[in-house]
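Data first, discussion second: the structure below is written as structure tokens.
The values are calculated or read from the model by the stated rules, or taken from the named source; none is laboratory data. In this text, all values refer to a predicted model and were calculated from it rather than measured experimentally. Glycine gets a Cβ as well: all are built from the backbone with ideal geometry, and neighbour counts include every protein chain shown. What goes into the accessible areas is simple: the full protein's heavy atoms, side chains included, and nothing from ligands, DNA or RNA. Shrake-Rupley method; radii C 1.70, N 1.55, O 1.52, S 1.80 Å.
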Amino acid sequence: PVYLFGHKDPTSKASAILLTLADGREIKATSGHYIPAAPRGVDTWGEHEMTRFGDIKKGMTVWTATNSTVEPTEVILVETSKALGLFNPFTRDGIIVVDGVVCSEYSEWFLDDVTPAAYRNFLPAIYHSIQAPLAWLAPYIPGLVGNLDAALSKGGPNFDSRAFVGSLVAPAST
């Protein structure tokens, strides 16, 4: 289940990458969002690397999910597009399925700009490790997560940290 949204804005507009898959599915995300992918002809999950949407090329493999089955699927078209609505759900697993396509829940964050491109595929795992304590505490401290979720929804990663801390120490209203 989703415990937090990094951002949740149904009216926001952004440039995006649209992937069309061999089975007819399409998936759209910002260029900095990560998706498990592999080079052309590689169809083993164990050989995937987390790849930014902006680095996906025609012929690469991504994975689709139908019921409880995950299958490798070829990318047959990569286009630039526009997206309406930006969402970034966080789960305990770090992997989500969007429109039938297996995706990482992570997009570029604070380490992307200082990490050489050859090592970016490790960043979603690092980000997941950083957020793991919050994911595991979420069921036990719902107020903390609720306040953080509300703060993030008002500004994404640039939220008002003073207001957030203040909400934690303010007396609860009855």
Got at least one residue in the range 19-26 being in contact with a Pro (Cβ under 9 Å, 6 or more places away or on another chain) and not hydrophobic (A, V, I, L, M, F, W, C)? no
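Please work out if Lys82 is under 20 Å from Pro10 (Cβ atoms) and either open to solvent by 50 Å² or more (accessible area, probe 1.4 Å) or touching a Pro at 6+ places or on another chain (Cβ under 6 Å) (or both).
On the way: under 20 Å from Pro10 (Cβ atoms): yes; either open to solvent by 50 Å² or more (accessible area, probe 1.4 Å) or touching a Pro at 6+ places or on another chain (Cβ under 6 Å) (or both): yes.
Yes; evaluated as a whole, the condition is true for this residue.
Inside the range 100-123, can you point out the residues that are more than 27 Å from Ala151 (Cα to Cα) and surrounded by 12 or more Cβ atoms within 10 Å (Cβ to Cβ)?
Gly100, Val101, Val102, Thr115, Arg120, Asn121, Phe122
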Conditions (1) modelled with pLDDT of 95 or more; (2) closer than 24 Å to Tyr119 by Cβ; (3) touching an Asp or Glu at 6+ places or on another chain (Cβ under 9 Å) -> Pro72 fails only (2)
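Within the range 98-151, take every residue that is of a type in the set (A, V, I, L, M) and not in a helix (DSSP H, G or I) and give me the one that is nearest to Asp9 (Cα to Cα). Can you show your working first?
Quick first cut of the range 98-151, residues of a type in the set (A, V, I, L, M) only: 98, 101-102, 111, 114, 117-118, 123, 125-126, 130, 132, 134-135, 137-138, 141, 144-145, 148, 150-151.
Now restrict to residues that are not in a helix (DSSP H, G or I): 98, 101-102, 111, 138, 141.
Details: Val98: 16, Val101: 21, Val102: 22, Leu111: 23, Ala138: 22, Ile141: 24 Å.
Among them, the one singled out is Val98.
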Report the residue count in the range 6-22 for those that are open to solvent by less than 50 Å² (accessible area, probe 1.4 Å) and in contact with a strand residue (DSSP E or B) (Cβ under 6 Å, 6 or more places away or on another chain). 8
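Can you report the number of residues in the range 85-97 which are part of a loop (DSSP other than H, G, I, E, B) and open to solvent by less than 70 Å² (accessible area, probe 1.4 Å)? Show your work before the answer.
Of the residues in the range 85-97, the ones part of a loop (DSSP other than H, G, I, E, B) are 92-94.
Checking which are open to solvent by less than 70 Å² (accessible area, probe 1.4 Å) leaves us with 94.
Result for the range 85-97: 1.
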Neighbours by Cβ (under 6 Å, 6+ apart or cross-chain): first from the range 25-52, in contact (Cβ under 8 Å) with a residue 12 or more places away in the chain; second of a type in the set (D, E, K, R) and surrounded by fewer than 20 Cβ atoms within 10 Å (Cβ to Cβ): Ile27/Asp99; Gly32/Glu108; Ala38/Glu47
